[in-house]
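Chemist: Right, I'll just put the structure down here and ask away after.
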Amino acid sequence: MKPKSKRRRTSYHQAWPYKLWDHPLKIGLWSLGLLLGSWLLINTIALRSAALGPVNAFFVLGGSIRREIYVTELAKQHPETPILISQGSQDPCIWLIFQRSEAPIRQVWLEKCADSTFDNFYFNIPLLRQWQVHKVKLITSGTHLPRAKWMAQILLGAHGIWVEPDIVKEEGVPGNRESWLKTGLDVARSVVWAIVSQVYTPKCADMIPLSDVNIQEWQQQGFKCEYQGKVQ
């Protein structure tokens, strides 16, 4: 009886590795887990390094003209740092704000594709990557938090870009409304897109440099700026 028992144990121990590795699904899961773990490790190292470096870009989320007024001061202090304004005020309003502040405009880009906070990141991550940005100053309002901050950390962080929030003080009510349901849904889809965006790159067809804004043409057709900007 003892030899039989021994043969069974030997047969079991010899068989189980083959049962594991001969199954394609198990091999795929192990490979995916190894790949994901390696990516997380490399990305964490990149983020730690980026956190210690200088800010490479100013990223303004649309919703209040005060954010655009605020970034003009940063433009004067850091004229070589690119500025990306996502779905902000009308083009001539931003142009006039920069002119009034005597802030440089050659490094300012206006993106007009986004219709939501998620879109702010969806359309602009490719451009920030193209600029080889590793640390971004995210300019928004306190009423836009914590949703904007969490989404930025998930989506930009997935591409090795460290996020430094810069909160602009508001007067009145900016164009953002927060709720926990909205925050939860946006954070959930941000996690999904953080993975998908590693292999898919969307493009925005409506993006221009601020220096290309034709103020004479806008004055002829008419425009209206947010009253807090005090520009016409």
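None of the figures in this text is laboratory data; all of them are computed from the coordinates on show. Given the structure is predicted, the values throughout are model-derived calculations rather than measurements. So basically every Cβ, Gly included, is an ideal-geometry build from the backbone, and we count neighbours across all protein chains shown.
Chemist: For a quick check of your reading of the filter: which chymotrypsin sites (Phe, Trp or Tyr not before Pro) in segment 186-232 sit in a DSSP loop and have no more than 12 other Cβ atoms within 10 Å? Let's see the in-between values first.
Modeler: Numbers: sites: Trp193, Tyr200, Trp218, Phe223, Tyr227; in loops: Tyr200, Phe223.
Passing both the DSSP loop test and the Cβ count: Tyr200.
Chemist: Follow-up question, since we're still on this one. For segment 87-112 and segment 168-232, what is the separation of their C-alpha centers, rounded to whole Å?
Modeler: Centre-to-centre distance over Cα atoms comes out at 13 Å.
Chemist: For an R0 of 35 angstrom, estimate the FRET efficiency from the Cβ-Cβ distance between Arg48 and Gln228 and round to the nearest 0.05.
Modeler: Numbers: r = 39 Å, r/R0 = 1.10.
Once rounded, the FRET efficiency stands at 0.35.
Chemist: Within segment 151-232, which trypsin sites (Lys or Arg not before Pro) sit in a loop by DSSP and count at most 15 neighbouring Cβ atoms inside 10 Å?
Modeler: Values: sites: Lys169, Arg177, Lys182, Arg189, Lys203, Lys224, Lys230; in loops: Lys169, Arg177, Lys203, Lys224, Lys230.
Hits after loop and neighbour filter: Lys169, Arg177, Lys203, Lys224, Lys230.
Chemist: For the pair Trp218 and Glu164, what calculated FRET efficiency results from E = 1/(1 + (r/R0)^6), where r is the Cβ-Cβ distance and R0 = 30 Å, to the nearest 0.05?
Modeler: Details: r = 33 Å, r/R0 = 1.10.
Step by step, r from the Cβ atoms, then E = 0.35.
Chemist: Using each residue's phi in segment 65-72, evaluate 6.51 cos²θ - 1.76 cosθ + 1.60 at θ = phi - 60° and report the 3J(HN,Hα) Karplus result to the nearest Hz, with x for Gly and Pro.
Modeler: These are the phi-based 3J(HN,Hα) values: 5, 5, 5, 6, 4, 4, 6, 5 Hz.
Chemist: Once you place label points 7 Å from the Cα toward the Cβ at Thr201 and Ala188, how far apart are they in nm?
Modeler: Taking the simple label geometry, Thr201 and Ala188 are separated by 3.1 nm.
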